[in-house]
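The values are calculated or read from the model by the stated rules, or taken from the named source; none is laboratory data. Since we're looking at a predicted model, the values are computed, not measured. Cβ atoms come from the backbone with ideal geometry, glycine included; neighbour counts cover every protein chain shown.
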Amino acid sequence: MQTQLKKILPLLIVLTGLTLTGAFTYGLSLVLPPLESNPVKSISLTETDPTPTPAPQDSKLDPDSITITPTPTPTTLSANDTKPTSQITPASTPIPTNPPTPTPTTPPTTTPAPTPRLKLTLQIDNDPPFNLELDSPKNHCQVLEAALAQGKLSSLNLKFFPSLSSYAVYQINGLGDTNQVWWTYSVNGQQPPYGCSQVMVNQGDVIHWTYAGPR
């Protein structure tokens, strides 16, 4: 029995002390007026500002909640304190270079090879033969006309015969008849079977015109 009392005794002492302390505190609350407290229950700051806007002097503060909202201070930029602005440098656009204008190339002018001049030997009846040069191929009637143009002959009388498809020689250097054909020709010693308009001359030909009529 004494052992159990020794175990319960400290617990009883603690309970008795707590009961006395509560009774004393309750008695003081009945005698003393309640103490005013002004606890700050909630302070909400959205941004730290060294200069908070003070509340008006005549406004009644709520002892339970005080909310301080900072007023943003406008930023003043001086001439030396400019706000950095990002500069966008436009990409350098390559300047198109005009392609060189192709110079029209003139094709080389092909000069035709000069036609070799025809060198002939011409004899009129019994007169001495002479050399004659022609620029282009000609027939034997045209050879006589070229000789007249170069002053190798003094006169020439030709008439065209449709039945022969050729000219006929009537007079050379005033020799002959205006109504009869007495002139014949040979080439390199041979007499052609065609009129002088149908036979072309060749390089180096020897042409002989002979008068066979009355003198």
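Please find, among F160, F130, the residue that is of a type in the set (A, V, I, L, M, F, W, C), within 30 Å of N179 (Cα to Cα), modelled with pLDDT of 90 or more and touching a Phe, Trp or Tyr at 6+ places or on another chain (Cβ under 8 Å).
Criteria check complete, one pass: F160.
Can you tell me which residue within region 179-195, out of those that are touching a strand residue (DSSP E or B) at 6+ places or on another chain (Cβ under 6 Å) and in a loop (DSSP other than H, G, I, E, B), is surrounded by the most Cβ atoms within 10 Å (Cβ to Cβ)?
Only one residue fits best here, namely G195.
Quick one: how many residues across region 138-165 are closer than 19 Å to P192 by Cα, out of contact with any strand residue (DSSP E or B) (no Cβ under 6 Å at 6 or more places or on another chain) and not in a helix (DSSP H, G or I)?
Counting residues in region 138-165 that are closer than 19 Å to P192 by Cα, out of contact with any strand residue (DSSP E or B) (no Cβ under 6 Å at 6 or more places or on another chain) and not in a helix (DSSP H, G or I) gives 5.
Pull up region 196-212, narrow it to residues that are among the polar types (S, T, N, Q) and surrounded by 15 or more Cβ atoms within 10 Å (Cβ to Cβ), then point me to the one that is nearest to L122 (Cα to Cα).
Restricting to residues being among the polar types (S, T, N, Q) and surrounded by 15 or more Cβ atoms within 10 Å (Cβ to Cβ), the top hit is S197.
Condition check: in contact (Cβ under 8 Å) with a residue 24 or more places away in the chain, part of a strand (DSSP E or B), surrounded by 11 or more Cβ atoms within 10 Å (Cβ to Cβ) and of a type in the set (A, V, I, L, M). Does A168 satisfy that?
The answer is yes for A168.
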